[in-house]
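Have a look at the structure below, then the notes.
The values are calculated or read from the model by the stated rules, or taken from the named source; none is laboratory data. Everything numeric here is computed off the predicted structure, so don't read it as measured data. Glycine also receives a Cβ, built like all others from the backbone with ideal geometry; neighbour counts cover every protein chain displayed.
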Amino acid sequence: MEGLSLRGKDIYYSEFQCNGLTVHVASSRIGAFRVSIGFTRQDDFVSEIKVLAPAAKFFMDSKPNEALTSTLKAYFKGGKPLMNLPWDIDATAFRHEVWKSVCTIPYGETRTYKDIAAIVGTPKGARAVGQALNKNPLLILIPCHRVVAADHLGGFGSGIELKKYLLKLEQG
């Protein structure tokens, strides 16, 4: 994802713990901006979001992230919350199309990179789909962990162990 200008925009970030995972979230008044799992220090997360939106103002504040946090906590507790929170992300049209397509994969199911490529109209674009998913700024909300290779799990930007964990969580 290219850096966003977000001139004059306020970004609110916070972190929470659930099932032994540290989850960092950030949002604007428009919607979810970033969900990350795996940072051990909030400073690392803040450094990343500042690169993504260098002209924004940043505030550590969990209140604006309450809906996002409660949705994610419900997910990690094995629930199937609606993931229909608004997004405030900037990306190419192709990435948006891939991400929206991935959001149609039902909870507990998977699709292949090739399946998603066909859905977005680029049947030979499985690799491009993988690259778009690697830039997913909203883990869980955009359930890229549900996309697998034809003969194995495929990759996952936050680590294959987390992908296995999320798939197992959804399998019950």
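Results for (1) crowded, with 21+ Cβ neighbours inside 10 Å; (2) outside any helix (DSSP H, G or I); (3) of a type in the set (D, E, K, R); (4) over 13 Å from the mean Cα position of the chain (by Cα), shown as yes or no for each residue.
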| residue | (1), (2), (3), (4) |
| --- | --- |
| A128 | no, no, no, yes |
| A132 | yes, no, no, no |
| D151 | no, yes, yes, yes |
| E161 | no, no, yes, yes |
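Across the range 69-80, the number of residues qualifying as more than 18 Å from N136 (Cβ to Cβ) and either polar (S, T, N, Q) or not in a helix (DSSP H, G or I) (or both) comes to 6. Residues that are polar (S, T, N, Q), surrounded by 20 or more Cβ atoms within 10 Å (Cβ to Cβ) and either assigned to a helix (DSSP H, G or I) or in contact with a Gly (Cβ under 8 Å, 6 or more places away or on another chain) (or both) within the range 35-68 comprise just one, N65.
Results for (1) modelled with pLDDT under 95; (2) within 26 Å of L52 (Cα to Cα); (3) not assigned by TED's automatic domain parsing to the domain that holds G38, shown as yes or no for each residue.
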{"position": "K114", "(1), (2), (3)": "no, no, yes"}
{"position": "I119", "(1), (2), (3)": "no, no, yes"}
{"position": "N134", "(1), (2), (3)": "yes, yes, yes"}
{"position": "C144", "(1), (2), (3)": "no, yes, yes"}
{"position": "V147", "(1), (2), (3)": "no, yes, yes"}
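If you go through the range 86-113 and keep only what is among the basic types (K, R), without any contact (Cβ under 8 Å) to a residue 40 or more places away in the chain and either under 21 Å from Y165 (Cβ atoms) or buried (at least 17 other Cβ atoms within 10 Å of the Cβ) (or both), you end up with just R111. Checked against (1) out of contact with any strand residue (DSSP E or B) (no Cβ under 9 Å at 6 or more places or on another chain); (2) assigned by TED's automatic domain parsing to the domain that holds H24, L153 passes all but condition (2). Of all residue pairs spaced 6 or more apart or on separate chains, those with beta-carbon atoms under 6 Å, a first member in the range 121-139 that is free of Cβ contacts under 8 Å to residues at least 12 places away in the same chain and a second member that is buried (at least 16 other Cβ atoms within 10 Å of the Cβ) and among the small types (G, A, S) are P123/A117; G125/A117.
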